[in-house]
Amino acid sequence: MARFDSFTDLAEHYASLTSADAFAGAFTSEITASQLSIHDEPTADDLPDADAARIVAAHVTGEIFNLFADTRLAAIAPRIAWGIVNSFHKVAQQLSRQEDDAARELGELARIMDPSEIHAVKIEEAQRLCQSLHEAIAAIEAMRDHAAEVYRVENGHPWSATTGSRTSRALTASQIDARDFLAARAAEKREAHAPSGPVVVLSGGKDWAEHQALWDRLDAIKSRIPAMTLVTTAQRTGADAIGAAWAAARGVPLVAFRLNRQSGGRAGFERNRSLIRLLPVEAVICEGSGIQINLAQGLRAAGVPLTIFKLEDFAIRDQAYA
């Protein structure tokens, strides 16, 4: 990795390699006053500058790699950088739990048929708290996702949390009726954990290493299906990990379909059936084990357009270049 002498140089380096599209929306306030706790007074202070937030997220993560590059501590940099990204993730989780509590309170108040001004003020305060937390989560998640992009660029593997799901949200209009706000929030959470875009399935062996062909194929699919959701078989290495890195780089929703260990030796085949029931619009299978063969057969029988990469195809190509 190249060494950088200034904060600006490092920021420009990551700006050229990562996506910052989410920041403009996440750091644009749509409420006139914010209140992150019932113990705090509402404030009309602005949100941080979006560009500055992006630069700081990249700097605190990337500077570790820059500092340790070409030294005996280089191998430790990913571990420290992982923790930095995880700190953003943990704070977002804490805020999300606060938002859940505030949403329950808002829901209870909204169900009470009380025309008094006192009750109206309580609903207004509860909704402001909900919306303020919602806004803060969007900002912290944007910083986390950008820091995770820097981690991916430097480490070559996508960042993943040890606990909890990693989902991101886009801020929506805030000055709305309490019941509408709660309904929109519930729908947004469902979409974050189970994206409704056209499903593209990816599965491959854990030792698959031909990343360029896979990225090119996924890029071609995305050009035809911009709103696609990538669903993988959740392996931490090989084709699935390459696909996860591609999804992170391209801003594509990713669902990692893990095994149900209670199914024992049939777990992989049960997962294959579940993937087919998602009605994917396309699939990419990289040579691996009998699990991939079974999945390819099932997808083909279901009429799903299929791309199959075989190891021998790349062996022939490599021999031609030798």
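Nothing in this text is a laboratory measurement; each read-out follows from the coordinates by a stated rule. Everything numeric in this text was worked out from a predicted model, so none of it was measured. All Cβ positions, even for glycine, are placed from backbone atoms using ideal geometry, and neighbour counts span all protein chains on display.
If you place +1 on the Cβ of every Lys and Arg and -1 on the Cβ of every Asp and Glu, how big does the dipole about the Cα centre of the range 52-126 come out, in debye to the nearest 20?
Roughly 600 debye, rounded to the nearest 20.
Extension gain residue 125-residue 52, at 0.36 nm per residue separation less the Cα-Cα distance, in nm?
Numbers: separation 73, 0.36 × 73 = 26.28 nm, distance 3.02 nm.
So the chain would gain 23.3 nm between residue 125 and residue 52.
Using Cβ counts within 10 Å as a stand-in for footprinting exposure, how do 255, 201 rank, fewest first?
255, 201
In debye, nearest 20: dipole of the range 199-321 around its Cα centre with unit charges on the Cβ of K, R (+) and D, E (-)?
Result for the range 199-321 is approximately 540 debye, rounded to the nearest 20.
Pulled fully out, how much extra length does the chain show between residue 38 and residue 111, if you take 0.36 nm times their separation in residues and subtract their Cα-Cα distance?
Answer, rounded to one decimal: 24.2 nm.
At what distance in nm do the modelled label points of residue 28 and residue 224 sit from each other, each positioned 7 Å from its Cα along Cα→Cβ?
3.3 nm
Among 254, 244, 296, whose Cα sits farthest toward the positive end of the charge dipole of the range 199-321 (+1 at Cβ of Lys/Arg, -1 at Cβ of Asp/Glu, about the Cα centre)?
About the Cα centre, the residue reaching furthest to the positive side is 254.
At 0.36 nm per residue, minus the direct Cα-Cα distance, what do residue 258 and residue 76 gain on full extension? Give it in nm, one decimal, please.
Value of the extension gain: 62.7 nm.
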